[in-house]
Amino acid sequence: QLERCQKALSTFLEEKRSKFPRFYFIGDDDLLEILGQSKTPAVIQAHLKKLFQSIFAVDFSEDVKTIVAFRSLEGERVQLLEPVTVGDTVEDWLKELAENMVKTLEKCLQD
């Protein structure tokens, strides 16, 4: 029965990783913490540097429902062109964050 549970957990984690490939960069324990605490910004904040190179933190709106900017370890702050709504499905909004970060940086480099 334990083997069945472990297999089901592995299948579940693999499904999440296939939806957001950056999850392959973190271990099972970290991924379980992210998935279990997806509505707690502080938990996600702690794992961002493992998921995104050179990203130290993100800035949330006052109501903590959207991400409005991201920051580097050196303190550089980049305002997102479009805020990212933090929803129930963490892999979806992290994917949207990654896409919006790329768009924002492309725009910054063009200016």
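The values are calculated or read from the model by the stated rules, or taken from the named source; none is laboratory data. Because the structure is predicted, anything quoted here is derived from the model rather than measured. Quick reminder, even Gly has a Cβ in these numbers, built from the backbone with ideal geometry, and neighbours come from all protein chains shown. Calculation scope for accessible area: heavy atoms of the full protein, side chains included, ligands and nucleic acids excluded. Shrake-Rupley method; radii C 1.70, N 1.55, O 1.52, S 1.80 Å.
See the values below:
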read-out: Complete set of residues in the stretch 8-43 that are open to solvent by 50 Å² or more (accessible area, probe 1.4 Å) and of a type in the set (A, V, I, L, M); value: ALA8, LEU9, LEU32, ALA42
read-out: Of all residues in the stretch 90-110 being open to solvent by less than 80 Å² (accessible area, probe 1.4 Å) and polar (S, T, N, Q), the one that is farthest from the chain's Cα centre (by Cα); value: THR104
read-out: Residue in the stretch 62-70 that is open to solvent by 90 Å² or more (accessible area, probe 1.4 Å), under 15 Å from ILE44 (Cα atoms), without any contact (Cβ under 8 Å) to a residue 24 or more places away in the chain and not hydroxyl-bearing (Ser, Thr, Tyr) present; value: yes
read-out: The listed residue being within 10 Å of the chain's Cα centre (by Cα) and either at positive phi or among the β-branched types (Val, Ile, Thr) (or both), out of ILE26, ILE44; value: ILE44
read-out: Residue satisfying condition, being touching a residue at least 12 places away in the same chain (Cβ under 8 Å), among the acidic types (Asp, Glu) and closer than 22 Å to THR104 by Cα, within set ASP59, ASP28; value: ASP59
read-out: Yes/no for GLN53 being open to solvent by 80 Å² or more (accessible area, probe 1.4 Å), under 29 Å from THR104 (Cβ atoms) and without any contact (Cβ under 8 Å) to a residue 24 or more places away in the chain; value: yes
read-out: Helices (runs of 4 or more DSSP H) fully within the stretch 1-103 counting 1 or more residues that are at pLDDT below 90 and not small (Gly, Ala, Ser); value: 2-19, 41-51
